[in-house]
Amino acid sequence: MALASRLLHTRWFVRAPIVLFRAGLGFLTGGRLLLLEHRGRTTGEARYVVLEVADRPAPRTWVVVAGLGPRSQWYRNVVADPRALVWVGARRHVRSTARTLPPDDGARLLREYAARYARGWAVLEPVLREWAEPLATEQGEADWRRVVPVVELTAVGS
C-alpha cells in the first residue's frame, strides 16, 4: 500500500482538516478543499468530510471525487440523501444538492485533472487505481476511470 493510500486510510489524518473549517479558517485552503456536511444514511446524524475540489464548472458548483471508491461512507450517504451543506473558502453552510456524474463524464474529468495538476495526480493516481482497477476488471470496463465515483455539488437556488 502506497504512503498516500495509508494516509488516506488513517482516521486522524483525514479528519484533521475538519477542525480548520469549523474554526472558520477554510479560506486558508484557497478553495482547493471543501468541507462537506451530510447526513448519515442510517442514523440521520450530521457527518463531515474534507474533500479536494477537482473542478469548478460554474460559480456555485463544485466537483469532488470519491477517491476511495463507491464504498466511501460520505459517497454512500449523499447517494442516499443528496442534500448537503458545503463549507468552502470563507463561505459556510451553503445548502447544496449532490449528483453523481455519469461514468464517461467522470472519466473525462479525471483525465482533465491529471493534465492540470500533474504533480498531484502522480500521488493520487496509484490510490485511485488501487481499488478501481479490480472493480473495473470485474465489471469488464476497459477504462478504470469510469468506475471512480465523481460527484457534483450544486448550491441550491443557483
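For the range 139-158, filtering for residues that are within 17 Å of ALA54 (Cα to Cα) and not in a helix (DSSP H, G or I) leaves 8.
Pairs are defined by a Cβ separation below 9 Å, a sequence spacing of at least 6 or placement on different chains, a first member in the range 120-145 that is among the β-branched types (Val, Ile, Thr), and a second member that is assigned to a helix (DSSP H, G or I); the pairs so defined are VAL123/LEU3; VAL123/ALA4; VAL127/ALA4; VAL127/SER5; VAL127/LEU8; THR137/TRP144. In the set (1) surrounded by fewer than 21 Cβ atoms within 10 Å (Cβ to Cβ); (2) modelled with pLDDT of 90 or more, ARG11 fails one condition alone, (2). If you go through the range 80-98 one residue at a time, do you hit one that is in a helix (DSSP H, G or I) and at negative phi? The answer is yes; a qualifying residue exists. Take the conditions (1) modelled with pLDDT under 95; (2) surrounded by fewer than 16 Cβ atoms within 10 Å (Cβ to Cβ); (3) basic (Lys, Arg); ARG145 misses just one of them, which is (2). Of all the listed residues (ALA115, ALA136), the sole one being assigned to a helix (DSSP H, G or I), at pLDDT 95 or above, farther than 21 Å from PHE27 by Cα and over 15 Å from the mean Cα position of the chain (by Cα) is ALA115. Take the residues in the range 85-111 that are more than 18 Å from GLY24 (Cα to Cα) and in contact (Cβ under 8 Å) with a residue 60 or more places away in the chain, then tell me which one is farthest from the chain's Cα centre (by Cα). Restricting to residues being more than 18 Å from GLY24 (Cα to Cα) and in contact (Cβ under 8 Å) with a residue 60 or more places away in the chain, the top hit is SER96.
Only a single item in (1) surrounded by fewer than 20 Cβ atoms within 10 Å (Cβ to Cβ); (2) of a type in the set (A, V, I, L, M); (3) within 27 Å of THR10 (Cα to Cα); (4) touching a residue at least 40 places away in the same chain (Cβ under 8 Å) is not met by ALA114, and it is number (4).
With of a type in the set (S, T, N, Q) and surrounded by 17 or more Cβ atoms within 10 Å (Cβ to Cβ) as the only criterion, which of THR97, THR154, THR137 stands out?
THR154
Under the condition of being in a loop (DSSP other than H, G, I, E, B) and either among the basic types (Lys, Arg) or within 11 Å of the chain's Cα centre (by Cα) (or both), which residue from the range 57-69 is surrounded by the most Cβ atoms within 10 Å (Cβ to Cβ)? Applying the filter and picking the extreme gives ALA66.
The residue list GLY30, GLY44, GLY40 contains one member that is surrounded by fewer than 17 Cβ atoms within 10 Å (Cβ to Cβ) and at pLDDT below 90, which is GLY30. Would you confirm whether any residue within the range 47-55 is outside any loop (DSSP other than H, G, I, E, B), under 17 Å from LEU33 (Cα atoms), at pLDDT 95 or above and basic (Lys, Arg)? Within the range 47-55 (the criterion being outside any loop (DSSP other than H, G, I, E, B), under 17 Å from LEU33 (Cα atoms), at pLDDT 95 or above and basic (Lys, Arg)), the answer is yes, since at least one residue qualifies. With the structure loaded, tell me whether ARG108 is more than 18 Å from GLU152 (Cβ to Cβ) and out of contact with any strand residue (DSSP E or B) (no Cβ under 8 Å at 6 or more places or on another chain) or whether it fails that test. Against the criterion (more than 18 Å from GLU152 (Cβ to Cβ) and out of contact with any strand residue (DSSP E or B) (no Cβ under 8 Å at 6 or more places or on another chain)), ARG108 does not qualify.
The values are calculated or read from the model by the stated rules, or taken from the named source; none is laboratory data. Quantities reported herein were computed from a predicted structural model and do not represent experimental measurements. Cβ coordinates were reconstructed from backbone atoms using ideal geometry, including for glycine residues, and neighbour counts include every protein chain displayed.
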